[in-house]
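The values are calculated or read from the model by the stated rules, or taken from the named source; none is laboratory data. These numbers come from a predicted model, not from an experiment. Using ideal geometry, Cβ is built from the backbone for each residue, glycine included, and neighbour counts are taken over all protein chains shown. When the accessible area is computed, the model is the full protein with side chains, heavy atoms only, and any ligands, DNA or RNA have been set aside. Shrake-Rupley method; radii C 1.70, N 1.55, O 1.52, S 1.80 Å.
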Amino acid sequence: GTQTARGRTRKRLSILDSYHFTTMASSPQKSPSSPKSPTPKSPSSRKKDDSFLGKLGGTLARRKKAKEVSDLQEEGINAINLPLSPSHYELDPEDTMLEENEVRTMVDPNSKNDRKLQELMKVLIDWINDVLVGERIIVKDLAEDLYDGQVLQKLFEKLEGEKLNVAEVTQSEIAQKQKLQTVLERINDSLKLSTRSIRWNVDSVHAKSIVAILHLLVALSQHFRAPIRLPDHVSIQVVVVQKREGMLQSRQIQEEITGNTEHGKCFHHELLCCFVKFFCVNNGHAIHFSTERDAFDTLFDHAPDKLNVVKKTLITFVNKHLNKLNLEVSELDTQFADGVYLVLLMGLLEGYFVPLYNFFLTPENFDQKVHNVSFSFELMQDGGLERPKPRPEDIVNCDLKSTLRVLYNLFTRYRNVD
């Protein structure tokens, strides 16, 4: 009886253990008399433990959430300040070493991909290459090709028609900066800008600052009325870094390169103003012309100051193509008078070779010159142009107005031809 009672007691304890402690149920071999079976906890004790674990779990959850928020904030800050990181600018270590209060600017890499900025740089590169086609200079990168002053010197000499007294080739940094100083001083004198309006200097140009170089080229193109169309409202995101009290401080600014170029700044707009075909304003009154007069009559009579602008533009245009034959003109009225350059120019513009037996390569008299000019007029008609209004004899007689009329018609038709 005693063994039966003990058996029932062991069976009850085993059931109780398996009910409250599932971990013990997997070990039925252990002796029920073993002290390893824990005593079931009271409800109040379990409530106390649950409360502690709940608090611990809540704290961990809050910490995890706080870390996620912190990581998200850091990611947002990094996204905003990504252009401020020096590693993205591929600077040399010494470029990050600033003196106290020294300021350095860097272009936001994302800004370089702006469509308008890319268009502006292409327009300026094409313009420089057109001007310097006779110098056998080809510019591909504004910063890399202009920083030492060599191309700037040649460009200014062509635009101004003045030879600068500087060394042709400079290798050392000191010599390059000295040359650049001379070139920029002469450019600044020609531009006649206020000190506040000059956005470039020797150090910025030599450091290949694209912002400074663009400001300089835009000023040159506008001053010399370059026959190009600058895109409006081009700006660059610039990071300005300054050292103050031993700490580097940075800020971002929007640097405007071009504003609204529609009014007065674009060459073609100004040219159209000069070439208005029906009237001009004189002393506040509109003067109407008969159909026998044209824009060049207006130009000569009422806007003689624009004449040099037109002549320079047309000279640049014809030399762009004649230089391919190692030919160059400087006087429009005399050098086209024998018709040879007009014939050769039409062949270049239309892309064909003109047989030498069709014209006189070295005309010896008036009639041969008239033949050449008449033949060039026929080539123009074959190219789809109307027959020029001037008589061939007017061109041969070195009439500047007639020559300008003919060349301007070619410029209007072929200005975008390479």
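Data table
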item: Fully extended contour minus Cα-Cα distance, from SER190 to LYS401, at 0.36 nm per residue; result: 73.1 nm
item: Protection-proxy order for peptides 227-239, 147-159, each taking the mean of Cβ atoms within 10 Å per residue, highest first; result: 147-159, 227-239
item: Label-to-label distance, nm, for residues given as LYS122 and SER235 (7 Å Cα→Cβ offset); result: 2.3 nm
item: Computed lengthening from SER250 to ILE137, 0.36 nm per intervening residue step minus Cα-Cα distance; result: 36.8 nm
item: Sum of side-chain charges, CYS398 neighbourhood, beta-carbon under 12 Å (Lys, Arg +1; Asp, Glu -1); result: -4
item: Theoretical gain in end-to-end length, ALA207 to GLU331 [0.36 nm per residue, Cα-Cα removed]; result: 40.7 nm
item: Environment charge of VAL417, counting only residues whose C-beta is closer than 11 Å and scoring Lys/Arg +1, Asp/Glu -1; result: +1
item: Table column - 3J(HN,Hα) (Hz), segment 387-400, Karplus curve with 6.51, -1.76, 1.60, x for Gly and Pro; result: 5, x, 5, x, 7, x, 5, 5, 5, 5, 7, 6, 7, 4
item: Sites ASP418 and VAL103 - FRET efficiency at Förster radius 30 Å, r taken between beta-carbons, to 0.05; result: 0.10
item: Probe 1.4 Å, all protein chains present, accessible-area order of PHE224, PHE353, largest first; result: PHE353, PHE224
item: Prolate/oblate/rounded call for segment 110-227, Cα gyration tensor, a/c under 1.5 rounded; result: rounded
item: Listed peptides 131-142, 315-326, 202-213 by packing density, highest first (mean Cβ within 10 Å); result: 202-213, 315-326, 131-142
